[in-house]
Amino acid sequence: QVRLAESGGGLVQPGGSLRLSCAASGFFFRVNSMAWYRQVPGKERELVADITGSGRTNYADSVKGRFTISRDNAKRTLYLQMNSLKPEDTAVYYCSLYPSTNYWGQGTQVTVSS
């Protein structure tokens with residue numbers, strides 16, 4: 001059974017940083033591409049960044065240069081380092097397999113506000 005558990009969200013001031021984690025189980029983690037998405041109420045879920053099993057990455061234009069996606073295949077964990085956070089980054093953040101989006105965790109809330 002695929003399980004994804006996000007953590008690390010919280011309240012941070014503009015310009016601050018957060019590191020999100022996603023613990024994965026129930027599938028062959030290291031061969032699967034993974035991704036971070038985010039969603040605000042009333043809007044569609046947005047792809048933030050994705051990473052292949054070998055570590056090749058892609059980012060949404062809105063987060064390039066500020067966010068870094070990474071993975072630890074031995075720990076079956078996906079990460080999202082978020083720096084220079086802006087109020088518009090406020091959202092619930094989810095991890096998922098990529099490009100398949102059949103499985104979601106509970107998400108973790110990130111709020112950027114002074």
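The values are calculated or read from the model by the stated rules, or taken from the named source; none is laboratory data. Quick caveat, the model's predicted, so the values are computed rather than measured. In this analysis, Cβ positions are derived from the backbone assuming ideal geometry, glycine residues included, and neighbour counts consider all displayed protein chains. Protein only, heavy atoms only, side chains kept; ligands, DNA and RNA dropped before computing areas. Shrake-Rupley method; radii C 1.70, N 1.55, O 1.52, S 1.80 Å.
Of all residue pairs spaced 6 or more apart or on separate chains, those with beta-carbon atoms under 6 Å, a first member in region 34-50 that is touching a residue at least 12 places away in the same chain (Cβ under 8 Å) and closer than 15 Å to residue 20 by Cβ and a second member that is basic (Lys, Arg) and open to solvent by 60 Å² or more (accessible area, probe 1.4 Å) are 37/45; 39/45. Checked against the criterion of being part of a strand (DSSP E or B), surrounded by 15 or more Cβ atoms within 10 Å (Cβ to Cβ) and basic (Lys, Arg), the candidates 19, 38 yield just one match: 38. Looking only at residues that are farther than 15 Å from residue 32 by Cα and of a type in the set (A, V, I, L, M) in region 73-114, which one is most open to solvent (accessible area, probe 1.4 Å)? Per the stated criteria, the residue is 92.
For residue 3, the stated conditions hold: it is touching a strand residue (DSSP E or B) at 6+ places or on another chain (Cβ under 7 Å) and loosely packed, with under 13 Cβ neighbours inside 10 Å. Checked against (1) in a strand (DSSP E or B); (2) in contact (Cβ under 8 Å) with a residue 40 or more places away in the chain, residue 68 passes all but a single condition, namely (2). Selection of region 57-67 for residues being open to solvent by 40 Å² or more (accessible area, probe 1.4 Å) and touching a Leu at 6+ places or on another chain (Cβ under 8 Å) yields an empty set.
Scanning region 72-106 for residues that are within 27 Å of residue 12 (Cα to Cα) and either in contact with a helix residue (DSSP H, G or I) (Cβ under 8 Å, 6 or more places away or on another chain) or β-branched (Val, Ile, Thr) (or both) gives 76, 77, 82, 90, 92.
Looking only at region 72-89, how many residues end up being under 18 Å from residue 59 (Cβ atoms) and either in contact with a Gly (Cβ under 6 Å, 6 or more places away or on another chain) or part of a loop (DSSP other than H, G, I, E, B) (or both)?
Here the count works out to 4.
Being over 14 Å from residue 89 (Cα atoms), open to solvent by 20 Å² or more (accessible area, probe 1.4 Å) and under 14 Å from the mean Cα position of the chain (by Cα) holds for only one residue in 54, 70, and it is 70.
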